[in-house]
Amino acid sequence: MRMRIVVLAGGIGGARFLRGLRSAAPEADVTVIGNTGDDIHLFGLKVCPDLDTVMYTLGGGIDEEQGWGRRDESFRVKSELAAYGVGPEWFGLGDRDFATHIVRTQMLGAGYPLSAVTEALCTRWNPGVRLLPMSDDRVETHVAVTLDGERRVIHFQEYWVRLRASVDAEAVVPVGAEEAKPAPGVLQALAEADVILLPPSNPVVSIGTILAVPGIREAVASAAAPVVGLSPIVGGAPVRGMADKVLAAVGVESTAAAVARHYGAGLLDGWLVDTADAASAPEVEEAGIRCLAVPLMMTDTGATAAMARAALALAEEVRA
Ligand code: GDP
Ligand code: CA
């Protein structure tokens, strides 16, 4: 029987890791539980950045350099909208990408749940994994900030893309998560998994949001399968992006060991840190999580496949 691997994924970090995993274990049956807390409504359209990043990356449609959005993209629709004075201008929606959001919004309007819509979009892209949104219910991550001396709560995308996390995140709230239900197939995939992997995705606004959907954290923690994660923090800083800002909001230091302790031994069986952080392995092991140091830079598919193999090997070790 094919090995069943379940991966909880955000956008770029999750998608790139998945490409390595597909290369390392081409025979495996991979289910991805994708973060939808980053979703936003723009120009009347439902945009799901993390699901699309996974779909485009595995389907060969991604802008490799940027890590998100379509390759060979143009922005004519966006500039036409701007000519009407209709924004936001800070969110980069390209012409090719627009088509995805139009199809998605049309299907949602016709009554299909997001999980069915995602499956339909994936029939074009053939990502080679089963891509499930964490929930069919609306969840939206909001961030509390102080701007010009005034406390405001803004959408995560406004914090991340417009403000580039230039001010402190005082709180991060996955609005709607408490009432959300796991999408069809999510709990079953976790219960039947042979291995559960947490890729180097953002621990707060990607994986943390998925775990905030009632039932998912419990299903991961109580699964028969070993749970192994890979650190998105290398040498005391996120490899890309501004994860340190949202980690600070939840009181977690930006170190590979602190992120492991944040997930905790109740959730994680194994944790991979980069060789640069090898000295922190004993601290993780003291917390009851088996820890190894291996190179964790996803410079190309070969290096990423090696990371995936290391994660699967660690899963076998902790299973035994
Ligand atoms: P997002 O939704 O696009 O922000 O993507 P994810 O949440 O899936 O992943 C973001 C995280 O990936 C960031 O915190 C980065 O530090 C991490 N990341 C990106 N590239 C690498 C890499 O090559 N190695 C490791 N270890 N982490 C990475
Ligand atoms: Ca994201």
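Counting only protein heavy atoms, what percent of the accessible surface of region 50-97 is carbon or sulfur at a 1.4 Å probe?
Carbon and sulfur atoms account for 47 percent of the accessible area of region 50-97.
Report ³J(HN,Hα) in whole Hz for each residue of region 47-52, in order, from the Karplus equation J = 6.51 cos²θ - 1.76 cosθ + 1.60 where θ = phi - 60°; Gly and Pro get x.
Residue by residue, region 47-52 yields 10, 10, x, 6, 4, 5 Hz.
Roughly what would the spin-label model give for ARG138 and ALA237, points 7 Å off Cα along C-beta, in nm?
Label-label distance for ARG138 and ALA237, simple model: 3.8 nm.
Using Cα pairs closer than 8 Å and at least 6 residues apart in sequence, work out the relative contact order for the chain, in percent. It would help to have the intermediate numbers written out before the result.
Values: 670 pairs, mean separation 62.1, N = 320.
It rounds to 19 percent for the chain.
Could you sort the peptides 258-264, 95-101, 299-305 by per-residue average Cβ neighbour count (10 Å cutoff), highest mean leading?
Numbers: 258-264: 20.6, 95-101: 18.6, 299-305: 14.6.
Ranked by mean Cβ neighbours within 10 Å, highest first: 258-264, 95-101, 299-305.
Mind giving me the FRET efficiency for ARG162 and ASN126? R0 is 35 Å, r the Cβ-Cβ distance, nearest 0.05 is fine.
Details: r = 34 Å, r/R0 = 0.96.
So, using R0 = 35 Å, E works out to roughly 0.55.
Given a 1.4 Å probe and every protein chain left where it sits, what share in percent of the accessible area of region 114-225 is carbon and sulfur? Mind dumping the intermediate values first?
Working: 2270 of 4710 Å².
Taking all protein chains in place, region 114-225 shows 48 percent carbon and sulfur surface.
In a solvent-free Debye calculation with one equal scatterer on each Cα, what is log10 I(q)/I(0) for the chain at q = 0.16 Å⁻¹, listed in the order of the q values?
Ignoring solvent entirely, the Cα scatterers give -1.43.
Please turn the phi angles of region 262-274 into ³J(HN,Hα) values with the Karplus equation 6.51 cos²θ - 1.76 cosθ + 1.60 (θ = phi - 60°), one per residue in order, whole Hz, x for glycine and proline.
Computed from phi, the couplings for region 262-274 are 4, 5, x, 5, x, 10, 9, 9, x, 9, 9, 10, 6 Hz.
In whole Hz and in residue order, list the ³J(HN,Hα) couplings for region 150-164 that follow from phi through the Karplus curve 6.51 cos²θ - 1.76 cosθ + 1.60, θ = phi - 60°; x for Gly and Pro.
Karplus values, whole Hz, x for Gly and Pro: 10, 7, 9, 10, 10, 5, 3, 5, 5, 5, 7, 8, 6, 8, 6.
Given the C-alpha centroids of region 245-273 and region 117-150, what is the distance between them in whole angstrom?
Taking the Cα centre of region 117-150 as reference, the centre of region 245-273 is 22 Å away.
Checking the cross-link filter: which lysines have an alpha carbon closer than 25 Å to that of LYS181, excluding same-chain neighbours under 8 positions apart?
The qualifying lysines are LYS46.
Subtract the Cα-Cα distance of THR299 and ALA287 from 0.36 nm times their separation in residues, and report this length gain in nm to one decimal. List each step's numbers first, then the result.
Numbers: separation 12, 0.36 × 12 = 4.32 nm, distance 2.99 nm.
Roughly 1.3 nm would be gained on extension.
Modelled label-to-label distance, GLU170 and ALA82, 7 Å Cα→beta-carbon offset: nm?
Taking the simple label geometry, GLU170 and ALA82 are separated by 3.2 nm.
Which of the trypsin sites (Lys or Arg not before Pro) found in region 1-94 are loop residues per DSSP with 13 or fewer other Cβ atoms within 10 Å of their Cβ?
Working: sites: ARG2, ARG4, ARG16, ARG19, ARG22, LYS46, ARG70, ARG71, ARG76, LYS78; in loops: ARG2, ARG71.
Passing both the DSSP loop test and the Cβ count: ARG2.
List the GluC sites (Glu not before Pro) within region 101-204 that fall in a DSSP loop (any state other than H, G, I, E or B) and whose Cβ has at most 15 other Cβ atoms within 10 Å. Intermediate values should be presented prior to the final figure.
Values: sites: GLU119, GLU140, GLU150, GLU158, GLU170, GLU178, GLU179, GLU192; in loops: GLU170.
Answer by residue number: GLU170.
Keeping every protein chain present and rolling a 1.4 Å probe, give me the accessible area per residue for the chain in Å². List each step's numbers first, then the result.
Values: 13370 Å² over 320 residues.
Normalised by residue count, the accessible surface of the chain is 42 Å².
With a ≥ b ≥ c taken as the square roots of the eigenvalues of the C-alpha gyration tensor of region 98-244, please select rounded if a/c is under 1.5 and otherwise prolate if a/b is larger than b/c or oblate if it is not? Kindly include the intermediate steps, with their values, before the conclusion.
Numbers: a/c = 1.73, a/b = 1.23, b/c = 1.40.
Because a/c hits 1.5 or more and a/b fails to exceed b/c, region 98-244 counts as oblate.
What does the C-alpha gyration tensor say about the overall shape of region 209-317? Classify as rounded when a/c is under 1.5, otherwise prolate if a/b is larger than b/c, or oblate. Please list the in-between numbers first.
On the way: a/c = 1.39, a/b = 1.09, b/c = 1.28.
Rounded, since a/c falls under 1.5.
Let me check against my output: what whole-number percent is the relative contact order of region 6-130, with C-alpha pairs under 8 Å and at least 6 apart?
Value for region 6-130: 26 percent.
The values are calculated or read from the model by the stated rules, or taken from the named source; none is laboratory data. All values reported here derive from a predicted model rather than from experimental measurement. When we count neighbours, we look across all protein chains shown, and the Cβ atoms used for this are built from the backbone with ideal geometry, even at glycine. Areas reflect the complete protein model, heavy atoms only, side chains present, ligands, DNA and RNA absent. Shrake-Rupley method; radii C 1.70, N 1.55, O 1.52, S 1.80 Å.
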